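Below you'll find the structure, written out as structure tokens, and then a few comments.
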Amino acid sequence: MKNHRSIKKLTDAEIARYFANELEQNEVKAIEDWINSDDVNKKNIQKLKNVWDAAGKLREMELMDVEKARKKVVKKSHGFGGRRNVLFYWEKIAAVLFIPLLLSVLFYLYVAKPVQKNQDIYNEINIAFGTTSKLLLADGTKVWLNSGSYLKYPLKLAEGIREIYLEGEAYFEVAENKSNPFIVRTPDLDIIATGTSFNVLAYPEEDMVETTLIEGKVSLVKKFTNSKIKMLTELKPGERASFEKNEKKVVLGMVDTDKVISWKEGQLIFRNDPLDEIVKRLSRWYNTDIELVVEELRSYRYTATFTEETLHQVLELLKISAPIEYSYSSRLKLTDNSFTKRKVKIRLKQ
């Protein structure tokens, strides 16, 4: 004989306590009798359980305060008016609070565990300092690589998990595939996208990893040494996330995106930038070690755009707007007949 207990008598609190194993034995039996009495009941309760489990997973990952969010919605609810209302209520919670994150982040949880296949073949590219490169991946994604960058990617990218590994700086125009997110892994964090344009600066020697979103949407995820995974932030177009490696925190801010990605068009654009940041970019761009001899020089700021100028021309232009001078060091010949990097020292003008 079927148990005809109506679902409208099951409150949200009862369902939550049932999933959390907080009911007395007789209460559990009553609910399970009702579940087992009808295939429709089983189907409905499974839907609710899926939402509950998803909430638990997000809470473990610290992606959101699930309990706070649930209470906020429940506060506006005065109970269920029938079977449809129960499912409507919970599914609304799922749609608003969970699904947007689950679409990309739960996929990430799967690919976060390396999948080794014998047939996987990876390509590796090292971009020499002083040069840039552009390539087209198998899924249609376009990638620009800046000076001194390293990229590792599977040749069969279009057939499986879309994940690559980057050290350095790259600009991505990701081919859209909402069911198969595109993941850029760096030594410090991962960037998850679907169909998006964004720039990543992740040189190992830098104190920060910078991700700038041009259009679309990306999520930044950090995997810690204890295997704990945490969503750091989501970006909106025009926003840059600077992840401080030592502090393990993210600083957000709006930026001039044309300036950020100008390098891919063969330009260096500076807008009131400090000299120490300018020197870093010039060093990689011209494959030259540039040293600021005096600490005071780091705070000097410049606004300029360089396109086809030689390093000598750039240094001469910098001299015009600040009391500096520079000198070159001789390049030394090594045993393999190669030469050491060119070195430049910048100091205050005497």
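One table, with the values for the structure above:
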item: Phi-based couplings in Hz for the range 142-154 (Karplus 6.51, -1.76, 1.60; Gly and Pro marked x); result: 9, 10, 10, 10, 8, 3, x, 9, 10, 9, 10, 8, x
item: For the range 168-179, Karplus couplings with θ = phi - 60° (6.51, -1.76, 1.60), whole Hz, Gly/Pro x; result: x, 10, 8, 10, 10, 10, 7, 5, 5, 7, 5, 8
item: Amide H contacts of N177 (H built 1.01 Å from N, under 5 Å, at least 5 apart or other chain); result: G195
item: For the range 294-299, Karplus couplings with θ = phi - 60° (6.51, -1.76, 1.60), whole Hz, Gly/Pro x; result: 10, 4, 4, 5, 4, 8
item: Ranked packing of 283-295, 25-37, most packed first, by mean Cβ within 10 Å; result: 283-295, 25-37
item: Ranked by how many other beta carbons lie within 10 Å on average, peptides 324-334, 147-157 from highest; result: 147-157, 324-334
item: Packing-based order for 245-256, 306-317, using average beta carbon neighbours within 10 Å, highest first; result: 306-317, 245-256
item: Gain on full stretching of the segment that runs from K142 to R331 - 0.36 nm per residue minus C-alpha separation; result: 64.3 nm
item: Förster-model FRET efficiency, 35 Å R0, I320 and M254, C-beta, rounded to 0.05; result: 0.70
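Read the figures in this text as sums done on the coordinates, not as results from a lab. All figures in this text were calculated on a predicted structure; none of them were measured in a lab. Virtual Cβ from ideal backbone geometry, glycine too; neighbours counted across all protein chains shown.
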